[in-house]
Amino acid sequence: IQLTHPLNEEMATKGKAIFDSKCFACHKLSTEMLVGPGWSGVTKRRSPEWIMNWITNTKVMLDRDLAAQADMAVCLIRMPNQDLTDDQARNVLEFMRKNDGEK
């Protein structure tokens with residue numbers, strides 16, 4: 001995944017709109033866990049590729065990825081498939097980067 005530097009504000013804005021419509025009910029932008037883990041620091045803990053795979057291939061990740069399985073053990077609820085395209089997932093990733101203070 002090619003990350004842009006500086007942060008792509010247009011993509012981050014689109015990603016925030018997706019967060020506001022699909023993600024906010026289960027995730028906070030802080031470190032606080034709601035239904036799922038808080039998003040603060042996620043881009044420091046996980047690679048861009050991992051985040052994109054998680055967003056677009058949640059079931060496969062839960063079946064095969066040890067980090068995803070460990071998160072599931074804490075959250076106890078499977079993240080539902082949000083049916084996001086790769087472009088939408090990339091926008092969410094850019095919003096996550098912005099949330100983590102990248103510029």
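The values are calculated or read from the model by the stated rules, or taken from the named source; none is laboratory data. Note that the coordinates shown come from a computational prediction; the quantities given were computed from them, not determined experimentally. Cβ sites come from the backbone with ideal geometry, for glycine too, and all protein chains shown count toward neighbours. Heavy atoms of the whole protein, side chains included, go into the accessibility calculation; ligands, DNA and RNA do not. Shrake-Rupley method; radii C 1.70, N 1.55, O 1.52, S 1.80 Å.
Of note:
- Enumeration of residues in the range 65-89 that are in contact (Cβ under 8 Å) with a residue 60 or more places away in the chain and open to solvent by less than 30 Å² (accessible area, probe 1.4 Å): Leu84
- Residue in the range 55-64 that is open to solvent by 50 Å² or more (accessible area, probe 1.4 Å), of a type in the set (A, V, I, L, M) and either closer than 24 Å to Ala12 by Cα or part of a loop (DSSP other than H, G, I, E, B) (or both) present: no
- Residue within the range 24-33 that is more than 12 Å from Arg90 (Cα to Cα), outside any loop (DSSP other than H, G, I, E, B) and touching a Leu at 6+ places or on another chain (Cβ under 9 Å) present: yes
- Total residues in the range 66-103 satisfying the condition of being in a loop (DSSP other than H, G, I, E, B), at pLDDT 95 or above and either more than 24 Å from Ala12 (Cβ to Cβ) or of a type in the set (A, V, I, L, M) (or both): the figure is 1.
- Residue check for Ala12: touching a Phe, Trp or Tyr at 6+ places or on another chain (Cβ under 9 Å) and not in a loop (DSSP other than H, G, I, E, B): yes
- For the range 26-33, the condition of being within 11 Å of the chain's Cα centre (by Cα), modelled with pLDDT of 95 or more, under 15 Å from Leu3 (Cβ atoms) and surrounded by 13 or more Cβ atoms within 10 Å (Cβ to Cβ) holds for none of the residues.
- Search result, residues across the range 38-48 that are of a type in the set (A, V, I, L, M, F, W, C) and either over 14 Å from Leu93 (Cβ atoms) or assigned to a helix (DSSP H, G or I) (or both): Val42
- Odd one out for Ile51, checked against (1) free of Cβ contacts under 8 Å to residues at least 60 places away in the same chain; (2) within 19 Å of Met11 (Cα to Cα); (3) open to solvent by 60 Å² or more (accessible area, probe 1.4 Å); (4) assigned to a helix (DSSP H, G or I): (3)
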